[in-house]
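Let me begin by presenting the structure, written as structure tokens, before commenting on it.
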Amino acid sequence: MGDDGEMKLRKIVSGGQTGADQGALAACVQTGFPYGGWVPKGRRTEKGKVPERYRMRQHWSRHYPMRTEKNVHDSDGTVIFTFGQPDGGSLLTIDFAKKHKKPWLAVDLNRPQDVAVAKILCWLRRHLPENGVLNVAGSRRSKAPGLHLAVKRVVRDVIRGAGGPKPDSRR
């Protein structure tokens, strides 16, 4: 993958929620990697609105499950980030992946960052097509303080390892 040309990600999508979703978006912005995804109508999150700096598509519904299912459906696979076992919306994301027969991977970021990155890169090689679209989901900030930064670091390294654009400088 990346250096050997086996696979490259084309885009990362998320639902724009605080925590894991916005951590992935921040990694994309930092590295100049293409991103997108569906957010609830009104750009709703638990802390107000998805920041305007993230260019996202608004779903017709204000309810989180609707945009979650749309992002799962429109992507080639989903990685779900949590601290510990998935619960709540993360379990719902897994249910949607199963419903739409899409590959998914739950990643517990209580484990070391390099372990998570290696696990995700291996999974991407096996489950996503060339130029695939990856959906990133997971816990929100109120349920997992610190997850935003952890996801940002992991996704940044995954982008680099999956043949994504290289950043001009370290930020």
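In a reduced charge model with +1 at each Lys and Arg Cβ and -1 at each Asp and Glu Cβ, region 29-89 shows a dipole moment near 440 debye about its Cα centre.
Matching the structure-derived mean projected area of the Cα convex hull in nm² against the labelled list (1) 10.1; (2) 13.1; (3) 8.9 gives the label (3).
In region 8-71, which GluC sites (Glu not before Pro) are in a loop and have at most 16 other Cβ atoms within 10 Å, using DSSP for the loop call? Display every interim value, and only then the final one.
On the way: sites: 46, 52, 69; in loops: 46, 52.
Passing both the DSSP loop test and the Cβ count: 46, 52.
Counting protein heavy atoms only, region 1-128 has 50 percent of its accessible area on carbon and sulfur, 1.4 angstrom probe. If you fit an axis through the alpha-carbon atoms of helix 64-74 and take the longest principal axis of the Cα set of the chain, what angle between them do you get, 0 to 90°, nearest 10? Helix 64-74 and the main axis of the chain meet at about 30 degrees. Computed over protein heavy atoms with a 1.4 Å probe, the accessible surface of the chain works out to 49 Å² per residue.
Counting pairs of alpha carbon atoms under 8 Å apart in space and at least six apart in sequence, what relative contact order in percent does region 59-159 give?
Numbers: 133 pairs, mean separation 35.8, N = 101.
Relative CO of region 59-159 lands at 35 percent.
May I ask what percent, to the nearest 5, of DSSP beta bridges between residues of region 15-150 are antiparallel? Can you show the working numbers first?
On the way: 2 of 14 bridges.
Once the DSSP bridges in region 15-150 are tallied, antiparallel ones form about 15 percent.
Projecting the Cα positions of 77, 88, 161 onto the charge dipole of the chain (unit charges on Cβ atoms of Lys, Arg, Asp and Glu, taken about the Cα centre) puts 88 furthest along the positive direction.
Lys and Arg at +1, Asp and Glu at -1: add these up for the other residues within a Cβ distance under 13 Å of residue 139 and post the number. Neighbour charge sum, excluding residue 139 itself: -1.
For residue 127 and residue 100 in the same chain, what is the full-extension length gain: residue separation times 0.36 nm, less their Cα-Cα distance, in nm?
Result: 8.3 nm gained on full extension.
The dipole here belongs to the chain: it is taken about the Cα centre, uses +1 on the Cβ of Lys and Arg and -1 on the Cβ of Asp and Glu, and is about 620 debye.
The values are calculated or read from the model by the stated rules, or taken from the named source; none is laboratory data. All of these numbers come straight from a predicted model, not from anything done at the bench. All Cβ positions, glycine included, derive from the backbone under ideal geometry; neighbour counts span all protein chains shown. Accessible surface areas use protein heavy atoms only, side chains included; no ligands, DNA or RNA. Shrake-Rupley method; radii C 1.70, N 1.55, O 1.52, S 1.80 Å.
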